[in-house]
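The values are calculated or read from the model by the stated rules, or taken from the named source; none is laboratory data. Source: prediction; values computed, not measured. As a convention, Cβ positions derive from the backbone with ideal geometry for all residues, glycine included, and neighbour counts pool all protein chains shown. These accessible areas exclude ligands, DNA and RNA; they are computed on the full protein's heavy atoms, side chains included. Shrake-Rupley method; radii C 1.70, N 1.55, O 1.52, S 1.80 Å.
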Amino acid sequence: MGRDEEYKTLSERGGYWRNVFNPAATPTAGYIQARNADGSWVTPFNPASQLGFAQGSSTTYLWMVPQDVQGLATAMGGRDKTAARLDDFWAASAKSTTTVGVDEVLEVLGHDGTQACLDLRPGPRAALR
């Protein structure tokens, strides 16, 4: 399309999620984690907390990398581990009475019809196949 400069810029920006992915956020799993101005991680860390996030939590923001599903899967330990974790996320959110879950993800993504919508069902899971 002749927009090589825009492609280069947006492709680079599309990888910025790596700047906030902490593979050691918890003893068992990596998460998107807020950073302080000095680059250190915001603590204490709780994946369900909204500390450092707007209208979401680390648990929900983790999956908001539609431009690089394969990169996210690699960062999370591979496709199988990521698929299992995504399945766990949907199962847990279906049972949840908290604001962290499917409804929150869809709200953040504009599923109410007022914004362009990216519905995570089954997108990221299907992309891991």
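Quick rundown of the values:
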| quantity | calculated |
| --- | --- |
| Conditions (1) touching a Lys or Arg at 6+ places or on another chain (Cβ under 8 Å); (2) of a type in the set (A, V, I, L, M); (3) under 19 Å from Asp88 (Cβ atoms): number failed by Val42 | (3) |
| Tally, over region 1-50, of residues that are over 26 Å from Lys81 (Cβ atoms), open to solvent by 40 Å² or more (accessible area, probe 1.4 Å) and not hydroxyl-bearing (Ser, Thr, Tyr) | 13 |
| Residue match in region 104-127 (condition: at pLDDT 90 or above, open to solvent by less than 40 Å² (accessible area, probe 1.4 Å) and either on the phi > 0 side of the Ramachandran plot or not in a helix (DSSP H, G or I) (or both)) | no |
